[in-house]
1. Two decimals is fine: what is log10 I(q)/I(0) at q = 0.19 Å⁻¹ for segment 26-92, from a Debye sum with one equal scatterer on every Cα and no solvent?
2. Take the alpha carbon atoms of segment 83-133, find their radius of gyration, then divide it by 2.2 N^0.38 Å using N residues; give the quotient.
3. If you wrap a convex hull around the C-alpha atoms of segment 45-133 and split its volume per residue, what is the figure in Å³?
4. Can you put 89, 74 in order of accessible area, largest first, using a 1.4 Å probe?
5. Check the straight Cα-Cα distances from residue 37 and name the aspartates and glutamates below 18 Å, setting aside those fewer than 8 residues away within the same chain.
Amino acid sequence: MRCPKCGCEESKVVDSRPSESNDAIRRRREMPLVVVKRDGRKETFDRQKLMRGLVTATVKRDVPMSALTALIDSIESELRDGGTMEVSSVDLGSMVLKRLVSVDKVAYVRFASVYRDFKDVDEFSEELRSLND
């Protein structure tokens, strides 16, 4: 449904109620989250894309899907509760890493190696050292 306030075509009505004077209907909307990529492009937040990255990081690890789903739910809630409709991919990656380190440290390092784009073994070693501190 199109939001009359901002014009967004992808808003989702999550709650409707009559106004105090009963002459209009008030709607609470859930607006789509937008991820701003490093090159400035914008894409709609895609839970499945984030889940694929987390599943790849946790391959052959004993991490339940429910933990990954909870991690994504937590991030989405934090963004929505903060009133944020746009988040940079850098901030999103940091949010994932902050939560992933308590789920599985090997998955954390795997995700970090892609997210931070390690150029050599020294950068990888530095990340491992920071985990032990």
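The values are calculated or read from the model by the stated rules, or taken from the named source; none is laboratory data. Bear in mind that the values here come from a model prediction, so they are computed numbers and not experimental data. We work out accessible area using only protein heavy atoms, side chains counted, and drop any ligands, DNA or RNA first. Shrake-Rupley method; radii C 1.70, N 1.55, O 1.52, S 1.80 Å.
1. Once normalised to I(0) and log-transformed, intensities are -0.81.
2. For segment 83-133, the normalised Cα radius of gyration comes out at 1.22.
3. It comes to 98 Å³ per residue, whole-number rounded.
4. 74, 89
5. Correct list for residue 37: 46, 76, 86, 91, 117.
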